[in-house]
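Just below is one structure, and these are the notes that go with it.
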Amino acid sequence: MDDVTKSLNVTLAHTLADGHCFLHAVALQLNETPNTMQAYKFLMKAIEAESTRNKNHYRNFIDENSGRLDLLVHKYLHNKIFDHAAGDLIPQITSNALQKPIHIYSERDGGI
């Protein structure tokens, strides 16, 4: 991972492992506010607004096992339940809400 972060000119930052690690990581990257808790709360509102405003856009990403989009988003934001559907969809909703690309890297077996 160190080789990748150096080549991209980025640094790794540790986040809380509380079910919202994705939100904490994005909040750290927002330059609009130096207060990460303020950015975290802003993200929660932005995700909820985006998923409500453009629910038809995300409908095709939800299958019968995942349930309704509003419930999936609510479970993630308020209960920190990050299942496979949320794992796929919440980063896209967040990216659209912020109108910024989000890149997620994961280290597995020594590689990315």
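Taking loop as defined by DSSP and a crowding limit of 12 other beta carbons within 10 Å, which GluC sites (Glu not before Pro) in the range 1-101 fit?
GLU32, GLU64
Put +1 on the Cβ of each Lys and Arg and -1 on the Cβ of each Asp and Glu in the chain; which of THR94, ALA25, THR52 then has its Cα farthest toward the positive end of the dipole?
Projecting each Cα onto the dipole axis, the largest value belongs to THR52.
Helix 84-98: angle to the longest alpha-carbon principal axis of the chain, degrees 0 to 90, nearest 10?
The two axes meet at around 80 degrees.
All other residues with a Cβ under 13 Å from the Cβ of GLY87 taken together, and with Lys, Arg as +1 and Asp, Glu as -1, what is their net charge?
Residues near GLY87 contribute 0 overall.
Ignoring ligands, DNA and RNA, what accessible area per residue does the chain give at 1.4 Å, in Å²?
On a per-residue basis, 71 Å².
Give LYS6/LYS100; LYS6/LYS55; LYS6/LYS75; LYS6/LYS45 a once-over and call out the pairs whose C-alpha atoms are over 30 Å from each other.
Beyond 30 Å between Cα atoms: LYS6/LYS55; LYS6/LYS75; LYS6/LYS45.
Work out, step by step, the length gained on full extension between LYS100 and ALA25: first 0.36 nm times the residue separation, then minus their alpha carbon distance; give nm to one decimal.
25.6 nm
Specify which labelled value, from [x] 25; [y] 39; [z] 18, agrees with percent of Cα pairs over 25 Å apart derived from the coordinates of the model shown.
The listed entry that was calculated here is [x].
Where Lys and Arg each count +1 and Asp and Glu each count -1, what net charge lies around PHE61 among other residues with Cβ under 15 Å from its Cβ?
Within the 15 Å Cβ shell, the charges total -3.
How much of the accessible area of the chain, probe 1.4 Å, is carbon plus sulfur, in whole percent?
That share works out to 50 percent.
The values are calculated or read from the model by the stated rules, or taken from the named source; none is laboratory data. It should be emphasised that the depicted structure is a prediction, and the values quoted were computed from it without experimental measurement. Note that we place each Cβ from the backbone using ideal geometry, even for glycine, and neighbour counts take in every protein chain shown. For accessibility, only protein heavy atoms count, side chains too; no ligands or nucleic acids. Shrake-Rupley method; radii C 1.70, N 1.55, O 1.52, S 1.80 Å.
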